[in-house]
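First comes the structure, then the notes that go with it.
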Amino acid sequence: METVSVTLLNQGGMEQLVKTLGLGGFCLAIFTILVVLAVTKLASLAAALWLDGRFPEMSDAMLQAFLESRGRCILAGAVNLLFGIPIALALLQIRPLALFGLILLVSIYVLGFVAYVVTYRAVGRIAQFHPAWDTRTGSLVSGAIVAEAAFLVPVLGQLLSIASLVRGFGAVTTTLVSRRRRNQTPPESAPAAE
C-alpha cells in the first residue's frame, strides 16, 4: 500500500486520498477522527464535573461574569486567545524562553477546559430535561449534552462552539484577574472606636 505524503494530498486532494487508502481506509480515518473528538468531549465533561465540584465558588463567580458582562468576556477572551497563542508559539521558538512558552500554551489549554465549565453551566440553566435535574450536576450534564449536540450541526454549531469558548475563556480570565486584584488590595482600616 502506498504511503500518503503531504505533496500527494496537495496535488490530488481528497480524490487521491480515497484512491490511495481505499474507501475502507478513508472511512476508518473519518471514524478515528470522530472517536478522538468524542473522547475529547467526554474529557471536557469530566473535567467540568470535577472542577465544578472542587471549586464551586469560583465556578459561580465565572458563571456570573459570563452572564452579566457578555461584551467584556468576549473582548477579554478574544484578546487573550488572539495574542496568547501566537506569543506562546513564538516563545517556543526561542531557546531560553521555550519553557515559558510551553507553560503559557498549557495554561491556555487548561483554561479552555475551564471555559467549557462556564459554557455548560450557562447552557444548562436554560436546558433542563427533567425537573429532577435541577441541581448543579444535572444542570452541568444537561448543558454539556445540549452544547455538544449543537456542536454537531455543520458550520453553525462549530461557530457557536468557538464563540462560547471565547466568551467562556473571557469569563475565566476576568474572574481570575478580578479575584487577584481583590486579594491584593489591602482591607480598609476600620475607624477607631472612641
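Run Trp50 past the list (1) crowded, with 18+ Cβ neighbours inside 10 Å; (2) of a type outside the set (Val, Ile, Thr); (3) at pLDDT 85 or above; (4) out of contact with any Gly (no Cβ under 9 Å at 6 or more places or on another chain) and report the number of the one that doesn't hold.
(1)
From the list Leu99, Leu75, Leu37, Leu42, which residue is among the aliphatic types (A, V, I, L, M), modelled with pLDDT of 85 or more, under 23 Å from Val166 (Cα atoms) and part of a helix (DSSP H, G or I)?
Leu75
Results for (1) of a type in the set (Phe, Trp, Tyr); (2) surrounded by 12 or more Cβ atoms within 10 Å (Cβ to Cβ); (3) modelled with pLDDT of 85 or more; (4) part of a loop (DSSP other than H, G, I, E, B), shown as yes or no for each residue.
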residue	(1), (2), (3), (4)
Thr137	no, yes, no, no
Ile145	no, yes, yes, no
Gln158	no, yes, yes, no
Gly168	no, yes, yes, no
Arg179	no, yes, no, no
Pro187	no, no, no, yes
Ala193	no, no, no, yes
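Modelled with pLDDT of 85 or more, over 21 Å from Phe151 (Cα atoms) and not hydroxyl-bearing (Ser, Thr, Tyr), is that true of Leu81?
Numbers: modelled with pLDDT of 85 or more: yes; over 21 Å from Phe151 (Cα atoms): no; not hydroxyl-bearing (Ser, Thr, Tyr): yes.
Answer is no for this residue.
Considering only segment 112-122, I want to know if a residue exists there that is part of a helix (DSSP H, G or I), free of Cβ contacts under 8 Å to residues at least 40 places away in the same chain and not small (Gly, Ala, Ser). Let's see the steps before the verdict.
Step one: filter segment 112-122 for residues part of a helix (DSSP H, G or I), giving 112-122.
Right, trim to free of Cβ contacts under 8 Å to residues at least 40 places away in the same chain and you get none.
So far as segment 112-122 goes, no, none of its residues is part of a helix (DSSP H, G or I), free of Cβ contacts under 8 Å to residues at least 40 places away in the same chain and not small (Gly, Ala, Ser).
The values are calculated or read from the model by the stated rules, or taken from the named source; none is laboratory data. On a predicted model such as this, the values are computed, not experimentally measured, just so you know. Glycine also receives a Cβ, built like all others from the backbone with ideal geometry; neighbour counts cover every protein chain displayed.
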